[in-house]
Amino acid sequence: MSLRFEELDWRTTPLGVISLRRRRDRSLDQDVYEIKLDEEFLMSSLFTVAETDLARLGLAASSASELDVVVGGLGLGYTAYAALEDQRVRSLHVVESLGEVVEWHRSGLLPLGEELIADPRTRPVHGDFFAMAGSDEGFDTEVPRRRFHAVLLDIDHSPTNVLDPSHAWLYEVEGLRRLAGHLHPGGVFALWSDDPPQEEVIAALAEVFAVVRAHVVTFDNPYTRGTSSNTVYTAVLESTEADRT
């Protein structure tokens, strides 16, 4: 039987103290993994529907027959793991600013870690997603200026509730244009948000992308005994027929 509560690891980072803990929820009869930044909860294995749908909805919006994908933020690994379920995915770059999180996966501290890292399509990239998005070189440190078919982002709470003020520029029109420059024509940018759909976010995306949708993802919440929801935005660049293969 699992311990009722166990702190598996904690580290001091530039953003604050990040910790990984596992607790036994007796009412649900399951282990729950949680990542905290200082006293703030970043993610929980109890609520992963929207993280999974970020990958599914984002990749479903692409018409490409093969996919090179970037995931911004490794976290508990659910978005990356769901992306690998799409058989079109031939490469998956997972950009994570905290090397400690990558270590948790490599060492098997997290349920999906070993399988996720062992997949030959997966390449963990220790780096700043936002700096890479704003750079000319992009997300592949070995192939500068490489373009991708999809970028799936789950780092901030929402475009208007960011973990660090330095992230805010990306969600403005010029930031989105910089990010779109790393996509193929017809490429997809998908974004997770803890907030309901926001008109200002949709409007900014629509300045850069041809097709924009805000998907409300609902899921059961055993603590409220009701439903909760997150938002997944999908935004698709104009496409050319030649880029679909």
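Descriptive notes on the structure:
- Matching entry among Val162, Val173 (being within 19 Å of Leu15 (Cβ to Cβ) and of a type in the set (Val, Ile, Thr)): Val162
- Taking the numbered list (1) closer than 26 Å to Thr218 by Cβ; (2) acidic (Asp, Glu); (3) without any contact (Cβ under 8 Å) to a residue 24 or more places away in the chain in turn, Asp31 passes all entries but (3).
- Looking only at residues in the range 1-27 that are more than 26 Å from the chain's Cα centre (by Cα) and part of a loop (DSSP other than H, G, I, E, B), the one that is modelled with the lowest pLDDT is Met1.
- Residue check, Asp53 surrounded by fewer than 20 Cβ atoms within 10 Å (Cβ to Cβ) and either more than 17 Å from the chain's Cα centre (by Cα) or outside any strand (DSSP E or B) (or both): no
- Failed criterion for Glu172 (all others in (1) modelled with pLDDT of 95 or more; (2) open to solvent by less than 50 Å² (accessible area, probe 1.4 Å); (3) within 19 Å of Ala190 (Cβ to Cβ) hold): (2)
Conditions (1) within 21 Å of Ala55 (Cβ to Cβ); (2) open to solvent by 40 Å² or more (accessible area, probe 1.4 Å), marked per residue:
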residue	(1), (2)
Asn161	no, yes
Pro165	no, yes
Gly187	yes, no
Glu199	no, yes
Val216	yes, yes
Tyr223	no, yes
Gly226	no, no
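- Residue list for the range 97-130, restricted to those being within 17 Å of Ile155 (Cβ to Cβ), touching a strand residue (DSSP E or B) at 6+ places or on another chain (Cβ under 6 Å) and open to solvent by 30 Å² or more (accessible area, probe 1.4 Å): Glu100, Pro124
- Candidate set from the range 228-245 (those that are more than 22 Å from Thr52 (Cα to Cα) and small (Gly, Ala, Ser)); member that is most open to solvent (accessible area, probe 1.4 Å): Ala242
- When residues of the range 28-50 are limited to those that are open to solvent by 20 Å² or more (accessible area, probe 1.4 Å) and acidic (Asp, Glu), the one modelled with the lowest pLDDT: Asp29
- Among the conditions (1) within 30 Å of Asp31 (Cα to Cα); (2) open to solvent by 50 Å² or more (accessible area, probe 1.4 Å), the only one that Glu142 does not satisfy is (1).
- Leu67, sole failed condition from (1) crowded, with 20+ Cβ neighbours inside 10 Å; (2) aliphatic (A, V, I, L, M); (3) within 14 Å of the chain's Cα centre (by Cα): (3)
- Selection of the range 1-22 for residues being open to solvent by less than 50 Å² (accessible area, probe 1.4 Å) and over 23 Å from Asp194 (Cα atoms) yields Ser2, Leu8, Asp9, Thr13.
The values are calculated or read from the model by the stated rules, or taken from the named source; none is laboratory data. Here the structure is a predicted model, which means the values were calculated and not measured. Here the Cβ is made from the backbone with ideal geometry for all residues, glycine too, and neighbour counts use every protein chain on show. Each accessible area value is taken on the protein alone, full model and side chains, heavy atoms only, with ligands, DNA and RNA left out. Shrake-Rupley method; radii C 1.70, N 1.55, O 1.52, S 1.80 Å.
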